[in-house]
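Chemist: Handing you this structure, nothing more for now.
The values are calculated or read from the model by the stated rules, or taken from the named source; none is laboratory data. Values in this document were obtained by computation on a predicted structure and should not be read as measured data. We place every Cβ from the backbone using ideal geometry, glycine too, and count neighbours over all the protein chains shown. What goes into the accessible areas is simple: the full protein's heavy atoms, side chains included, and nothing from ligands, DNA or RNA. Shrake-Rupley method; radii C 1.70, N 1.55, O 1.52, S 1.80 Å.
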Amino acid sequence: MSNFIPFLTLTRKELVRIFRIWSQTLIPPAINVAIYFIIFSHLFSQNTFNYQGFHYLQFLTPGLILMPVITGAYNNAAGSFFTLKFQNAIEELLVSPISEHSMIWGFVVGSVIRGLLTGLLVLIISMLFVRLPLQHPFEALFIIMDTAIIFALCGLINAIYAKKFDDIGIVPNFILTPLTYLGGVFFAITSLPSEWQWLAKCNPIYYLISAFRYSVLDISGAPINVAILFAIVLTILLYAYTFYLLKTGKNLRQ
Amino acid sequence: MLALNIQDLTKVYANGHEALKGISLSIKPGEFFGLLGPNGAGKTTTIGILVSLVRKTSGMVDIFGHNIDKDLAAAKACIGLVPQEFNFNSFEKAIDILINEAGYYGIPRAIAKERGEYYLEKLGLYAKRFSTARQLSGGMKRRLMIARALVHEPKLLVLDEPTAGVDVELRRLIWSFLEELNANGRTIILTTHYLEEAEKLCSRLAFIQHGKIIQEGKTSELLAGLNEEAFVLDVAASSKAELHCPAYQIRWLNDEQLEVTVSRGTHLNKLFEYLTTQDIAVYSMRNRVNRLEELFVRLTQTEDSK
């Protein structure tokens, strides 16, 4: 049996769901970021902050674009998979001959598209406030897509382990959001004392934000090659672990 | 080639519960097979293993020649499952549930839509095709689960309590639909608590209890093995005296009902003559229980007493 039709079916189903509840999936991050821009543009209108030749709002924007991509992809995969699990509708997939790869990519592609759409909305809003040069478009595209894939996979893993709805709220609220905020969205890691810099560099999101900021503004942070390699290795590890969980039926089959 | 070949199947759950203790079953293509047993006997575990929702501990399962350890995807493609509990996304439309299900089995969307509409029509749900699952009544949801199980045209249809909680009219509609499917060559496995249902539909039966098959055979042969029948008589009597009549075991159930047990083949003429002499008038009579129920109770009680 071809794996393409099952994959396409699952992806299509995910997209229908995302657009059916567009007011929950696409609009809130855009409103959030618009508010950030209004506040920060007002606060820093007279500010002389300058990081490697860029105004604070320019420095801020790549991180603000990546933030909803991270949360959108994560929440989509976790929410969609766990809702199916909660309603036992996941059995539709488990009893069918759909392969584990098709299942993973079906959820991941849906989540990546949601992440990218929210990122695009934020980009459009940001262009009302700030000019972005987009210095390395291919690197930018790679980082933003891989970031969405990484967090979609994390969301899937979370949903596989989750036993109640609270379990898919804990990780984004208590781990993902703090890591994102501490990953250098709002400040340069180099502005921290050296002992905190070391800790900040242990945060995986730092490498993604830094690489995305580099690809947009050409600002040096974490070395781009290291960041890309890190993103690829993380993607492979997360994919392999998700595949293992689905193959063995952990928390899904008795 | 057998439709289903199960050998020495065991299942021990993580909590140590031994749900299956080495069951073996063979079902030929085209059979309508009933798997009966009390709650917790191992029926749903067996079905769960066939559709890979439950992982077996040991044993062998072949579905139309496809071993579930070596060729699980091909084995799964042969099965359509109607589970005991509703398990669809309640926010999806009925037609979308069927089209997506077909898609998971690799069926192109255009064909899936055609088939989905056909089965919704067959099961009286066509008018509700654009309703979400949660807008459907309990009976409609049951029929939708049957349609969903059939949309990829499986060779083997597995039904776990398909008529639980549905009204008599709908139950009969489902029965005739299943009979039609079986007449067209589809192999069907049915678990049910309605023994009348199993007696009417199944050509072969297996009784499962405490994770073991305790009896298996053709329905007609199993029922022929019953050598006694019991009747309940609604009567009017002036007194509730002790009743003794050769060849009949008679006992009062209450002031207006008698239970009479006779060997199979014994006529009832003498019973009525005797009751007349005792000044007892008989107004109506019925079997105490359905014949299969009688067999079921005996088998499970015998097994329990061991």
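Chemist: For segment A:85-169, report the translational diffusion coefficient in µm²/s to the nearest whole number, using Stokes-Einstein at 10 °C, 1.306 mPa s, and a Kirkwood Rh over Cα pairs.
Modeler: For the chosen part, D equals 104 µm²/s.
Chemist: Simple spin-label model, 7 Å along Cα-to-Cβ: A:Leu229 to A:Ala200 in nm?
Modeler: Inter-label distance under the simple model: 2.3 nm.
Chemist: Could you state the principal axis extents of the C-alpha atoms in chain A, from the largest down, to the nearest angstrom?
Modeler: Principal extents (largest minus smallest coordinate, Cα): 61, 37, 34 Å.
Chemist: OK, next. Assign unit charges at the C-beta atoms only (+1 for Lys and Arg, -1 for Asp and Glu), then state the dipole size of chain B relative to its Cα centre in Debye, rounded to the nearest 20.
Modeler: Using only the charged Cβ atoms, the result is roughly 1060 debye.
Chemist: In percent, how large is the relative contact order of segment B:4-223, given Cα pairs closer than 8 Å and 6 or more residues apart?
Modeler: Rounded, it is 29 percent for segment B:4-223.
Chemist: Let me ask something else about it. Assuming R0 = 41 Å, can you tell me the calculated FRET efficiency for the pair B:Asn39 and A:Leu179, based on Cβ-Cβ distance, to the nearest 0.05?
Modeler: For B:Asn39 and A:Leu179, the calculated efficiency is 0.30.
Chemist: Further question: Would you check the accessible area of A:Trp22, probe 1.4 Å, heavy atoms only, in square angstrom rounded to 10?
Modeler: Approximately 130 Å² of A:Trp22 is accessible to the 1.4 Å probe.
Chemist: I'd like the Karplus ³J(HN,Hα) series for segment A:92-103: coefficients 6.51, -1.76, 1.60, θ = phi - 60°, whole numbers in Hz, and an x wherever there's a Gly or Pro.
Modeler: 4, 6, 5, 7, 7, x, 4, 7, 4, 5, 4, 5
Chemist: If you don't mind, another one. At 1.4 Å probe size, what's the solvent-accessible area of B:Thr163? Round to the nearest 10 Å².
Modeler: Estimated to the nearest 10 Å², B:Thr163 gives 0 Å².
Chemist: Would you give the gap between the C-alpha center of segment A:194-228 and the C-alpha center of segment A:120-181, rounded to a whole Å?
Modeler: So the two Cα centres are separated by 15 Å.
Chemist: Note the buried accessible area between A and B here, summed over both chains, with a 1.4 Å probe, in Å² to the nearest 100.
Modeler: That pair of chains buries around 2500 Å² in total.
Chemist: So what's the projected area for chain B, the Cα convex hull averaged over all directions, in nm²?
Modeler: In nm², the orientation-averaged hull projection of chain B is 19.5.
Chemist: Evaluate peptide B:50-57: per residue, the Cβ atoms of other protein chains within 10 Å of its Cβ; return the mean as an integer.
Modeler: Averaged over the peptide's residues, the number is 4.
Chemist: While we're looking at this one, here's another question. Would you mind telling me the share, in percent, of accessible area of chain A contributed by carbon and sulfur at probe 1.4 angstrom?
Modeler: Here it works out to 69 percent.
Chemist: Okay, next question. Can you tell me the accessible area per residue over the protein assembly as shown, all protein chains present, probe 1.4 angstrom, in square angstrom?
Modeler: On a per-residue basis, 45 Å².
Chemist: Per the Cauchy relation, a quarter of the hull surface: what is the mean projected area of the convex hull of the alpha carbons in the protein assembly as shown, in nm²?
Modeler: If I average the Cα hull's projected area over directions, I get 34.1 nm².
Chemist: Let me ask something else. Whole-Hz Karplus ³J(HN,Hα) for segment B:132-148, in order, using 6.51 cos²θ - 1.76 cosθ + 1.60 and θ = phi - 60°, x for Gly and Pro?
Modeler: So the Karplus estimates, Gly and Pro as x, are 6, 4, 6, 7, 8, 6, x, x, 5, 4, 4, 5, 5, 5, 5, 4, 4 Hz.
Chemist: Sorted by accessible area with a 1.4 angstrom probe, largest first, how do B:His244, A:His136 fall?
Modeler: My answer, sorted largest first, is B:His244, A:His136.
Chemist: Shifting gears a bit: Treating only the Cβ of Lys, Arg, Asp and Glu as charged (+1, +1, -1, -1), what charge dipole size does segment B:90-166 show about its Cα centre? Round to the nearest 20 debye.
Modeler: My answer is approximately 180 debye.
Chemist: Okay, moving on. Can you give the average number of partner chain beta-carbon atoms within 10 Å of each beta-carbon in peptide A:82-92, as a whole number?
Modeler: Averaged over the peptide's residues, the number is 5.
Chemist: Can you tell me which of A:70-77, B:146-153, B:96-103, B:68-75 comes out highest on packing, and rank the rest after it, using the mean Cβ neighbours within 10 Å?
Modeler: A:70-77, B:96-103, B:146-153, B:68-75
Chemist: Now, a different point. Over 25 Å between Cα atoms: which of A:Lys13/A:Lys85; B:Lys56/B:Lys200; A:Lys247/B:Lys141; B:Lys28/B:Lys200 fall into that group?
Modeler: B:Lys56/B:Lys200; A:Lys247/B:Lys141
Chemist: Continuing with the same structure: Treat every Asp and Glu Cβ in the protein assembly as shown as -1 and every Lys and Arg Cβ as +1, leave all other atoms uncharged, and give the resulting dipole magnitude about the Cα centre to the nearest 20 debye.
Modeler: Here the protein assembly as shown has a charge dipole of around 1260 debye.
Chemist: With springs only between Cα atoms under 10 Å, which of B:Glu216, B:Glu92, B:Glu256 fluctuates most in a Gaussian network model of chain B?
Modeler: Answer for the Gaussian network model of chain B: B:Glu256.
Chemist: Give the accessible area for A:Tyr181 in Å² (nearest 10); use a 1.4 Å probe, count only protein heavy atoms, and leave out ligands, DNA and RNA.
Modeler: Only protein atoms counted, so the area is about 90 Å².
Chemist: Further question on the same structure: Using helices alone, what [θ] at 222 nm do you get for the protein assembly as shown, with -39,500 (n - 2.57) per DSSP H run of 4 or more residues, divided over all residues and rounded to the nearest 500?
Modeler: -16500 deg cm²/dmol
Chemist: Counting C-alpha atoms alone, how compact is segment A:106-250: give Rg to one decimal and Dmax as a whole number, in angstrom.
Modeler: Rg and Dmax of segment A:106-250, Cα atoms, are 16.2, 49 Å.
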